[in-house]
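For reference, the structure is listed below as C-alpha cells.
The values are calculated or read from the model by the stated rules, or taken from the named source; none is laboratory data. All figures in this text were calculated on a predicted structure; none of them were measured in a lab. Here the Cβ positions follow ideal geometry from the backbone for every residue, glycine too, while neighbour counts run over all protein chains shown. Calculation scope for accessible area: heavy atoms of the full protein, side chains included, ligands and nucleic acids excluded. Shrake-Rupley method; radii C 1.70, N 1.55, O 1.52, S 1.80 Å.
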Amino acid sequence: MLWPFELHRSYHRRNDIHARFGGQQQGGISTPADAPGIFIFTGHGAGHVGYQDVFETDGSFRYTGQGQLGDMRMISGNRAIRDHVQNGKDLLLFQQTKKGGPVRFEGLYVCGGWEIEQQPDMDGQPRQAIVFTLVPQSGLSIEGEDLATDAPVDLPLAELRERALKAALASNEASPRIALANVRARSKAVRDYVLARAAGACEACRSPAPFLTGTGQPYLEAHHIHKLSDGGPDHPASVAALCPNCHRQAHFGVDQVILNNELLARVKELEK
Ligand SMILES: [Zn+2]
Ligand SMILES: [Zn+2]
C-alpha cells in the first residue's frame, strides 16, 4: 500500500487524514500511533505558530517545531520529527492556507537536521525555536536508475556498515542547514551497505540477483520495511536488499504483511 494522497491535491484534514490514520486533529505536528507516518501541517490556518516556515530554493523546507510559548523543547512532535528515520516513519507535509480550509499535500519529506533559532512566541516574546530542515524524498530515489550507473563502492563491509549507521542517526544531532545533497549522501550510505550485506543474493528469496548492472554490480533494490515509500536514510536493521520480484511483492503482494514481518526478523538478526 502507498499513501493515498496525491501531490498538490487538497484534502479535508479530519475526514481524509485523521479519520483514516488517526493522530492529533489540531496543531502542526500529528503523530498517529498506528500509522507509519507523521503528518506535518504548515500555513497560517494550521494552528501552527511557525509563521517563518519557508521553502528554500534548493527545494528543502524550513519548518518551525511545536510549542506556542517559551523555549521549544525536543519532546513529543518535535522529537517525532527528529527521530522519524530510526522509527521508520514517513513525514507527510500538508499546507493550509485558510483556517478550517482544506490542506494541500506537498509530498514526503526527510528530516535533514535541525537548529535553534530566535523567534517570537505567541505572546511576541523572543524565545528559542527548533527549526527543522526537511528535504523532499522525491530527490532521494534509491531505485535502479542510480544503481545502474553508480561506480561500485569498494570498501570493506564493516566500513560500509559504520557509514550507514552514522547516516541513519545523523538527524538526531543539531546541525545547521543541511543541503539536499547531504541527505542524499546519507541515503546512499545506507543503500550501499545493505547491498553489500546481501552479497549479490536477494534477502527474501535468497536467489542470486537477476542480472549485473553496467558497472558490474549484482542488481538488487533497497526496500524500506517500515516505511510505505522507499527513499531517504533509514536504519540498516529495517532495510532489505531484494530482487525486483520480491520487492514488488513486498509492496503489492496479498501476503505483504507476512513477507515484511519475516524480512524484518531476518535483517534484525543480521544487524544484532
Ligand atoms: Zn527475491
Ligand atoms: Zn520497497
The one condition A148 fails out of (1) assigned to a loop (DSSP other than H, G, I, E, B); (2) modelled with pLDDT under 80 is (1)
Subset of segment 239-258, residues touching a helix residue (DSSP H, G or I) at 6+ places or on another chain (Cβ under 8 Å) and away from ligand 2 (no atom under 11 Å from the Cβ), comes to G253, D255
Looking across segment 205-239 at residues that are within 11 Å of ligand 1 (Cβ to nearest atom) and surrounded by 22 or more Cβ atoms within 10 Å (Cβ to Cβ), the single one that is farthest from L92 (Cα to Cα) is L220
All conditions in (1) open to solvent by 20 Å² or more (accessible area, probe 1.4 Å); (2) at pLDDT 90 or above are true of N87 except (2)
Among residues of segment 195-204 being part of a helix (DSSP H, G or I) and within 14 Å of ligand 1 (Cβ to nearest atom), the residue surrounded by the fewest Cβ atoms within 10 Å (Cβ to Cβ) is A198
